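Everything on this sheet refers to the single structure shown next.
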Amino acid sequence: MSFVELDRPRPGVTLVTLNRPERRNSMAFDVMVPLRDALAGIGRDNDTRVVVVTGAGSSFCAGADLEDPGSVPHVDGLTLPTIALRSMELLDEVIRTIRRLHQPVIAAVNGPAIGGGFCLALAADLRLAGPEAVFRAAGINNGLTAAELGLSYLLPRAVGTARAAEIMLTGRDVGATEAERIGLVSAVHDDASLLDACFDVADRIAAFSRPGVELTKRALWGSMDASSLEAHMDAEGTAQLLVRITTRNFEEAVRARKEGRPPEFRD
């Protein structure tokens, strides 16, 4: 049985499903290793324009699997402290891989996204939720730190520092309705329509220019680390000029608008 399933529900869209519903799709290494590898492979798949990530069953991802964590690869001969370091590096790499993907990633949060699962959802470029979605920074509830897998970096940038501090320090649940209100997710859909809503967003993105989409994703993430507005505007301007000068996309957009048809960007 594969714990990570890949499907192509629509042209240009790859659906990644965490498929261990009996364990609530928790972040056991037996799930995270194939997820990391599958995402890396998708990044090299030029037929994939947009990625959708979801969980099988009623959970998105329940965070650490406290009963069956699975096996960390390539740790023979290492002592416990080093094995612990390798374990965290592996989980961190899943988040980094999502961030590094050329393609935009949409998280279809169909149920609880707890602890590391919360981080997994935050790593995506867009998040849509089902009515049963719940977000929790669970580390603090387990006597640990709520800051893990980039959560203390990503969450303040999604909802603001004050709100992120309250969510992380109290360890409380954020339900779907509140998540939409505070901008943690862009929309809430019923269970039956959640994936189709994600695919519709993916279709819209895939209709645009490939370099336009990829450079927009880079700019969005790059803005988080920009040293100044001026420096970031320089980077944006360079990207805009690159696409404007090296493609005929702008001319096609103008022509299509005049002719009342969708543009066909050939980059």
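The values are calculated or read from the model by the stated rules, or taken from the named source; none is laboratory data. In this text, all values refer to a predicted model and were calculated from it rather than measured experimentally. Every residue, glycine among them, receives a Cβ derived from its backbone with ideal geometry; neighbour counts consider all protein chains shown.
You will find that of 26, 59, 71, 2, the residue that is more than 19 Å from residue 115 (Cα to Cα), among the hydroxyl-bearing types (Ser, Thr, Tyr) and out of contact with any Phe, Trp or Tyr (no Cβ under 9 Å at 6 or more places or on another chain) is 2 and no other. Listed by first and then second residue, the pairs with beta-carbon distance under 8 Å, at least 6 apart or on different chains, first residue in region 241-256 and farther than 22 Å from residue 219 by Cα, second among the polar types (S, T, N, Q) and modelled with pLDDT under 90, form an empty list.
Of all residues in region 20-33, those being surrounded by fewer than 17 Cβ atoms within 10 Å (Cβ to Cβ) and touching a strand residue (DSSP E or B) at 6+ places or on another chain (Cβ under 8 Å) number 1.
Taking only region 154-202 into account, find how many residues are of a type in the set (A, V, I, L, M), loosely packed, with under 14 Cβ neighbours inside 10 Å and either under 29 Å from residue 92 (Cβ atoms) or touching a residue at least 24 places away in the same chain (Cβ under 8 Å) (or both).
Going through region 154-202 one residue at a time, the tally reaches 2.
If you filter region 102-146 down to residues that are under 16 Å from residue 57 (Cβ atoms) and of a type in the set (Val, Ile, Thr), you find that the one that is surrounded by the most Cβ atoms within 10 Å (Cβ to Cβ) is 109.
Scanning region 78-113 for residues that are in contact (Cβ under 8 Å) with a residue 60 or more places away in the chain, touching a strand residue (DSSP E or B) at 6+ places or on another chain (Cβ under 6 Å) and of a type outside the set (S, T, N, Q) yields 104, 106, 108, 109, 112. Within region 123-141, residues that are assigned by TED's automatic domain parsing to the domain that holds residue 188 reach partners that are among the basic types (Lys, Arg) with beta carbons closer than 7 Å, at six or more positions or on different chains, in the pairs 123/99; 125/217.
To keep it simple, each residue is scored yes or no on (1) under 17 Å from residue 133 (Cα atoms); (2) crowded, with 21+ Cβ neighbours inside 10 Å; (3) small (Gly, Ala, Ser).
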{"position": "18", "(1), (2), (3)": "yes, yes, no"}
{"position": "40", "(1), (2), (3)": "no, no, yes"}
{"position": "52", "(1), (2), (3)": "yes, yes, no"}
{"position": "67", "(1), (2), (3)": "no, no, no"}
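In region 79-92 there is at least one residue matching the filter, namely being surrounded by fewer than 19 Cβ atoms within 10 Å (Cβ to Cβ), of a type in the set (D, E, K, R) and either within 23 Å of residue 214 (Cα to Cα) or outside the structural domain of residue 196 (by TED's automatic domain parsing) (or both). Quick one: in region 253-267, of everything that is surrounded by 13 or more Cβ atoms within 10 Å (Cβ to Cβ) and within 31 Å of the chain's Cα centre (by Cα), which residue is nearest to residue 210 (Cα to Cα)? Among those that are surrounded by 13 or more Cβ atoms within 10 Å (Cβ to Cβ) and within 31 Å of the chain's Cα centre (by Cα), it is 265.
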